[in-house]
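The values are calculated or read from the model by the stated rules, or taken from the named source; none is laboratory data. Because the structure is predicted, anything quoted here is derived from the model rather than measured. Here the Cβ positions follow ideal geometry from the backbone for every residue, glycine too, while neighbour counts run over all protein chains shown.
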Amino acid sequence: MANTPSAKKATRKIARRTAINTSRRSRVRTFLRKVEEAIAAGDKDAALAAFRIAEPEMMRASSKGVFHKNTAARKIARLSHRVKALSAA
């Protein structure tokens, strides 16, 4: 258990940040799941619409430090390829 006032404050800060980051991560996963479901259903219009919403959400999370920048870029690139392949087919 934290003893010093600064350690107690750090613990409070960590708890707050963890809650915020968990919320952001959950929000991003929800948007990504919507894109995945649209791709699985073969609905190119819904997939494209969901992807356009998910992309800025993912980049926002990476800029806030929830995801690494390259992780977000990689996920977006892979989703983009899949959505593009869906609309080409």
Residue list for the stretch 76-89, restricted to those being part of a helix (DSSP H, G or I) and either more than 21 Å from residue 42 (Cβ to Cβ) or not charged (D, E, K, R) (or both): 76, 77, 79, 80, 81, 83, 85, 86, 87, 88
Contacts under 8 angstrom Cβ, first residue in the stretch 28-41 being closer than 14 Å to residue 57 by Cβ, partner of a type in the set (Asp, Glu) and surrounded by 12 or more Cβ atoms within 10 Å (Cβ to Cβ), 6 or more apart: 28/57; 31/57
Lone unmet requirement of (1) among the hydroxyl-bearing types (Ser, Thr, Tyr); (2) more than 29 Å from residue 88 (Cβ to Cβ); (3) within 10 Å of the chain's Cα centre (by Cα) for residue 18: (3)
Every residue from the stretch 1-34 that is modelled with pLDDT of 95 or more and touching a Lys or Arg at 6+ places or on another chain (Cβ under 9 Å): 20, 21, 24, 28, 32
Residue count, the stretch 21-74 (criterion: surrounded by 15 or more Cβ atoms within 10 Å (Cβ to Cβ), among the β-branched types (Val, Ile, Thr) and part of a helix (DSSP H, G or I)): 3
